[in-house]
Amino acid sequence: MISLRPHILSRDPLQLERDFVLHGWEKYRAAQILKWVYRGVLDPMQIPNIPKHLREGLDDTYEFSIPLTVKESESEMDRSTKLALRLRDGRIVECVHLQTPRLHTLCVSSQVGCAMGCTFCATGKMGLLRNLEVWEILAQLLKLRMRAPEDRHVNVVFMGMGEPMVNYDRVLESIRVANDPRTLGLGARHFTISTSGVVPGIRKLAKEAMQVNLAISLNATTDTQRTKLMPVNKRWPIADLMLAARYYTENTQRRLTFEYVLLGGVNDTPGDARRLSKLTRDLPHKINLINWNPTPGAPYHPSKKPQVFRDILMNEGHQVTLRYSQGKDVNAACGQLGADLLAKAGS
Ligand code: SF4
C-alpha cells in the first residue's frame, strides 16, 4: 500500500524546520534529524539523542523508507556497481556507482524510462513511464553516497535514465537540497546535467545562480544524421542547439562538455571529426568520446577506430577524452540502463 505521509526526503531543511514549529517540536532538531537521515538512518526509532515523543511523532508524520535495492550488479571488469531500485509504485529505476582510486561518480536517473527515443540507447526503448520526484532522486544519491568513502572526490552526473531537462524543476531542487551542508553537502560544481539537446532547458540553466555543469549529448554533425539518431533534433536542430550552448557559456562563463557516442560506420569518419571540430571550436568546451556500448536489438556496433577520431580533434586543438565506459558487463555503461528491464519484459 502506498503511504500518504510525505517522505522525509521531500522536505528541505527549511521546510522541515517550519514543519517542526507547526508540530510544536524544537526547531533545531530538524537539522539534527536530517544529519542522521542522510547518513542512512532511515528508521526514526533508531535516531540517537532525540526524545521518545519526537521519534514517535516523526514516525507518525513522515515516511522514512527509501526504495529497496532489488538487484545489485557489480562489474567484474572494474569496480562499478549498478543498483536497480523498486519505487513505491512498483516501477524500477537504475543508478550506478562508478569509481577510480581518486574519484567516485554517482550516476543518477531523473525519470523512469525516457521519451526522447535516441536510437542507440536502451532507456529510450522503454518510452517514458514517469518523472521521478525530488525525494526519489535524493534517495538514489543517498544510496550511492553511502557506498563512497568520505576521503575521495565525489561527482554526480544526471546521465542515468531519462532526460533531466524534461524534469527540470525536480532535478534542480534535488541538487539544491543535496548541496545543503545539513543534508549531503555535495557542492553544486560537482553536479553535471546531461541533455540530449532540450534547448529551453539549456537556456533556463544558463540563468540559474547555481554553478551546475552542463553536458550536451551531440553525437552527430549534420541535421540529417542527428535526426536519425536523436529525434529531439527535429524540434531543436543543431544550429539552435549551438546557439543555446553559446548562450550558456556566455551567461555562466563555464566550459561545457560535448558528449559524442561513436557508432562504427555511422558517425565516426574523419569527415565527422572535422565537422565536430568546426561546430564546437568557438566555444569553451571539452569533448568526451564514448565508444558505443552494445544494447539489445540496436542496429549499431562500436567504432573500430576511436583513436583516429580522437587524434583528429586533438590535432585541431580540442581537449578530448576517449572515455572508457565502466560497467559494460552488467549493462551499467552509458546508454545501457534499462537493458535488463527490457530483457525481462521480453523486448
Ligand atoms: S540517451 Fe538519454 S535522452 Fe536519449 S533516450 Fe537515452 S536516456 Fe533518453
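The values are calculated or read from the model by the stated rules, or taken from the named source; none is laboratory data. Quick caveat: nothing in here was measured; it's all calculated off a predicted structure. Neighbour counts run over all protein chains shown; Cβ positions are idealised from the backbone, glycine included.
Kindly provide the set of residues from the range 171-196 that are of a type outside the set (S, T, Y) and within 16 Å of the ligand (Cβ to nearest atom), ordered by number.
V171, I193
Checking A273 against (1) part of a helix (DSSP H, G or I); (2) among the hydrophobic types (A, V, I, L, M, F, W, C); (3) out of contact with any Phe, Trp or Tyr (no Cβ under 6 Å at 6 or more places or on another chain), which test does it fail?
The single condition A273 does not satisfy is (3).
Residues A188, A220: which one is at pLDDT below 95, touching a Lys or Arg at 6+ places or on another chain (Cβ under 9 Å) and among the hydrophobic types (A, V, I, L, M, F, W, C)?
From the options A188, A220, the qualifying one is A188.
Scan the range 208-232 residue by residue and report those that are within 18 Å of N179 (Cα to Cα) and part of a loop (DSSP other than H, G, I, E, B).
Taking the range 208-232 as the starting set, the residues that turn out to be within 18 Å of N179 (Cα to Cα) are 208-214.
Within the range 208-232, E208, A209, M210, Q211, V212 qualify.
V171 - would you say it is touching a strand residue (DSSP E or B) at 6+ places or on another chain (Cβ under 7 Å), within 23 Å of I216 (Cβ to Cβ) and outside any helix (DSSP H, G or I)?
No, not satisfied.
Which residue out of N267, N288 is touching a residue at least 24 places away in the same chain (Cβ under 8 Å) and part of a loop (DSSP other than H, G, I, E, B)?
Values: N288 fails: part of a loop (DSSP other than H, G, I, E, B).
Going through N267, N288 in turn, just one is touching a residue at least 24 places away in the same chain (Cβ under 8 Å) and part of a loop (DSSP other than H, G, I, E, B): N267.
Do any strands (runs of 3 or more DSSP E) entirely within the range 83-137 hold 2 or more residues that are more than 9 Å from the ligand (Cβ to nearest atom), free of Cβ contacts under 8 Å to residues at least 40 places away in the same chain and assigned by TED's automatic domain parsing to the domain that holds G338, and if so, which?
Here the list reads 128-131.
So is P67 out of contact with any strand residue (DSSP E or B) (no Cβ under 9 Å at 6 or more places or on another chain) and not charged (D, E, K, R) or not?
So P67 does not fit the description; no.
Run down G160, G201 and say which single residue is assigned to a loop (DSSP other than H, G, I, E, B) and within 16 Å of the ligand (Cβ to nearest atom). Break it down into steps so the answer makes sense when it comes.
Details: G201 fails: assigned to a loop (DSSP other than H, G, I, E, B).
Result of the check over G160, G201: G160.
Go through G24, G40 for me and flag whichever is in contact (Cβ under 8 Å) with a residue 40 or more places away in the chain and loosely packed, with under 14 Cβ neighbours inside 10 Å.
Step by step, each of G24, G40 is checked, and only G40 is in contact (Cβ under 8 Å) with a residue 40 or more places away in the chain and loosely packed, with under 14 Cβ neighbours inside 10 Å.
Restricting attention to the range 233-261, which residues are within 20 Å of the chain's Cα centre (by Cα) and part of a loop (DSSP other than H, G, I, E, B)?
Listed by number, the residues that qualify are R254, R255.
What's the number of the only condition in (1) of a type outside the set (D, E, K, R); (2) at pLDDT 95 or above; (3) surrounded by fewer than 15 Cβ atoms within 10 Å (Cβ to Cβ) that M210 fails to meet?
In the conditions (1) of a type outside the set (D, E, K, R); (2) at pLDDT 95 or above; (3) surrounded by fewer than 15 Cβ atoms within 10 Å (Cβ to Cβ), M210 misses (2) alone.
So E74 fits all but one of (1) more than 15 Å from the ligand (Cβ to nearest atom); (2) in the same structural domain as F258 (by TED's automatic domain parsing); (3) in contact with a strand residue (DSSP E or B) (Cβ under 7 Å, 6 or more places away or on another chain); what number is the exception?
The single condition E74 does not satisfy is (2).
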